[in-house]
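The values are calculated or read from the model by the stated rules, or taken from the named source; none is laboratory data. Given the structure is predicted, the values throughout are model-derived calculations rather than measurements. A quick note on method: Cβ atoms are made from the backbone with ideal geometry, for glycine too, and the neighbour counts reach across all protein chains shown. For accessibility, only protein heavy atoms count, side chains too; no ligands or nucleic acids. Shrake-Rupley method; radii C 1.70, N 1.55, O 1.52, S 1.80 Å.
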Amino acid sequence: MRKVLAALAFCLIGVDVAAGPVTIAALGDSLTQGYGLPQGEGFVPRLQAWLRAHGAEVEVTNAGVSGDTTAGGAARIGWTLTPEVDGLIVALGGNDLLRGIDPAATRANLEAILAAAEAAGVPVLLVGMKAPGNYGEDYKRAFDAIYPELAEAHGTLFFPNFLAGIAPQGSDPAAVLAYLQPDAIHPNAEGVARIVGAMGPKVLELVERARSR
């Protein structure tokens, strides 16, 4: 409501509100939050810098909580979608994988997040995760299908794998370690740069959708 009132006021005095910055909230876990990295080297500040370098007037807010699952994201989506938020990146599911959570539960949680964004009129970029094979092929098949199917059902933008920038399909697992912190889970600064470079063009599409709200 505050943005609507501001837009009406600016229109009355002839100011082009479309020139203002777009606010994108990045809803995620430790990968989004910037675990283990110095301030300014995490996903959110690096993404904001990349977007601005590519001509987008944008503010990216960090809604990443280390250790969060999709259930945690669903629980806090209501207060993440403040009136200032124009677009939403949803990057959750890694901790569901670590805990072996039933893919049906993960799907239901992500569905709730996307439904909340739809109700708020906020466009979404859904970022997928790829399940490892240690839970079996049935689990992997069910989990990997969640993200593309939800993106299609809800008409969201879709980026298939958060880690695609450092672990493209068919990559050598040993080579990926060069872009990870010693825990072999979280990206280091160079890894974040590569992740942002891979995902950035799709986030630019989200910025354009958000600007056209």
- Item | Relative packing of 72-82, 198-208, which averages over residues the other C-beta atoms within 10 Å, highest first | 198-208, 72-82
- Computed over the chain: longest principal axis from alpha-carbon atoms vs helix 2-12 long axis, angle to nearest 10 degrees, is 40
- Skip the ligands, DNA and RNA, and give the accessible area per residue of the range 154-213 with a 1.4 Å probe, whole Å². 49
- Query: Using only helices, what value at 222 nm comes out for the chain when you add -39,500 (n - 2.57) per DSSP H run of length 4 or more and divide by the total residues, to the nearest 500 deg cm²/dmol?
  - Reply: -15500 deg cm²/dmol
- Report the charge-dipole magnitude of the chain in Debye, nearest 20, computed about the Cα centre from +1 at each Lys and Arg Cβ and -1 at each Asp and Glu Cβ. 320
- Message: I'd like the Karplus ³J(HN,Hα) series for the range 124-136: coefficients 6.51, -1.76, 1.60, θ = phi - 60°, whole numbers in Hz, and an x wherever there's a Gly or Pro.
- Response: 10, 10, 8, 9, x, 10, 10, 6, x, x, 6, 9, x
- Task: Extending each Cα 7 Å along its Cβ direction at VAL176 and ASP138, get the distance between those two points in nm, one decimal.
- Result: 2.5
- Task: Quickly work out the ALA153-to-ALA105 label distance, labels modelled 7 Å from Cα along the C-beta direction, and quote it in nm with one decimal.
- Result: 1.8
- Query: Where the accessible area of the chain is counted over protein heavy atoms with a 1.4 Å probe, how much of it, in %, is carbon and sulfur?
  - Reply: 59
- Query: Roughly speaking, what is the centre-to-centre gap between the range 149-201 and the range 66-139 when only Cα atoms are used, to the nearest Å?
  - Reply: 16
- Query: Taking θ as phi - 60°, what are the ³J(HN,Hα) couplings along the range 112-122 by the Karplus curve (6.51, -1.76, 1.60), each to the nearest whole Hz, with x for Gly and Pro?
  - Reply: 5, 5, 5, 5, 5, 5, 4, 4, 8, x, 9
- Share, in percent, of DSSP beta bridges within the chain that are antiparallel, nearest 5: 5
- Note on the structure: Sorting ILE113, PRO123, GLY165 by the position of each Cα along the dipole of the chain (Lys, Arg +1; Asp, Glu -1; all at Cβ), the one nearest the positive end of that ordering is PRO123
- Item | In sequence order, calculated HN-Hα J values of the range 200-213 (Karplus, 6.51, -1.76, 1.60; Hz; x Gly/Pro) | x, x, 6, 5, 4, 4, 4, 4, 5, 5, 5, 5, 8, 4
- Message: Please list, ordered by chain and number, the residues whose modelled amide H lies under 5 Å from the amide H of VAL60; skip anything fewer than 5 residues away on the same chain.
- Response: ILE24
